[in-house]
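The structure appears right after this line, and notes come after that.
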Amino acid sequence: MSSLHPRVTVISLGGNEGFPIRAQGHNLDCCGPSWTVALAARQRELMQIYRRSGHGEVLWLLIPVPRNPAFAKIVAAANAAVRLAARRLSHVTVLDLGAIFTPDGAFHQSIGHDGRPVRVRASDGLHLTAAGQEIAADAVRTVIDRDGLLE
């Protein structure tokens, strides 16, 4: 890994979180404030690794609201941790995919895109379909271009 020097690292994590975190000698259960702070500390470490002291850019994708309410609680806490981790950290951009796929804060199997309905969520109610991934990739490209991350 030390031989890789990516200009931009895109990270999408958080859908399979929710496990207890060991921090300061305690096991913290998801998804309270202490758990969120502990997860944010781990995420911030990753952000700092990939931003390589300002020589790399990190684009971290927030997960849209899933169908399962138990997963939705986990995703909300994981997304909150990302926001906390990225706060005041240069060369880190957070892209909220929820603004695209779940703008009203509720799960949607399909969304309107280019004037037509598109099935964007897989049958598991968490992951994106190929069409959803294409929409997400377009959003990533837009941020990279808008912010000049590859210049």
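The values are calculated or read from the model by the stated rules, or taken from the named source; none is laboratory data. These numbers come from a predicted model, not from an experiment. Heads up, the Cβs are rebuilt from the backbone with ideal geometry, glycines too, and the neighbour counts pull from every protein chain shown. Accessible surface areas use protein heavy atoms only, side chains included; no ligands, DNA or RNA. Shrake-Rupley method; radii C 1.70, N 1.55, O 1.52, S 1.80 Å.
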Residue-normalised accessible area of the chain, given per residue in Å² at a 1.4 Å probe: 57 Å²
Computed helical MRE - 222 nm, the chain, DSSP H runs ≥ 4 contributing -39500 (n - 2.57), nearest 500: -12500 deg cm²/dmol
Surface/4 estimate of mean projected area, convex hull on alpha-carbon atoms of the stretch 1-108, nm²: 7.4 nm²
Net lengthening on full extension, Asn68/Val118 (0.36 nm per residue, minus Cα-Cα): 16.0 nm
Largest-first ellipsoid semi-axes for the stretch 87-135, taking √(5λ) over the Cα gyration tensor eigenvalues, angstrom: 24, 12, 11
Amide H contacts of Arg121 (H built 1.01 Å from N, under 5 Å, at least 5 apart or other chain): Thr129
In Hz, Karplus ³J(HN,Hα) per residue of the stretch 123-138 (6.51, -1.76, 1.60; θ = phi - 60°; x = Gly, Pro): 5, 6, x, 10, 7, 8, 6, 4, 5, x, 5, 5, 5, 4, 4, 4
Calculated from backbone phi, Karplus (6.51, -1.76, 1.60) coupling profile of the stretch 58-71 in Hz, x at Gly/Pro: 10, 10, 9, 8, 7, 8, x, 4, x, 5, 6, x, 5, 5
Built amide H within the under 5 Å cut-off of Leu28, gap 5+: Ile21, Arg22, Ala23
For Leu61, distant residues with modelled amide H under 5 Å away: Ile11, Ser12, Leu13, Leu95
Compactness index (Cα Rg / 2.2 N^0.38 Å), the stretch 50-151: 1.14
Dipole moment magnitude, nearest 20 debye, the stretch 1-138 about Cα centre, only Lys, Arg, Asp, Glu C-beta charged: 340 debye
Karplus 3J(HN,Hα) series, Hz, for the stretch 41-49 with 6.51 cos²θ - 1.76 cosθ + 1.60 (x for Gly, Pro): 4, 5, 5, 4, 4, 4, 4, 5, 4
Relative contact order computed over the chain (Cα-Cα under 8 Å; 6+ residues apart), in percent: 22 percent
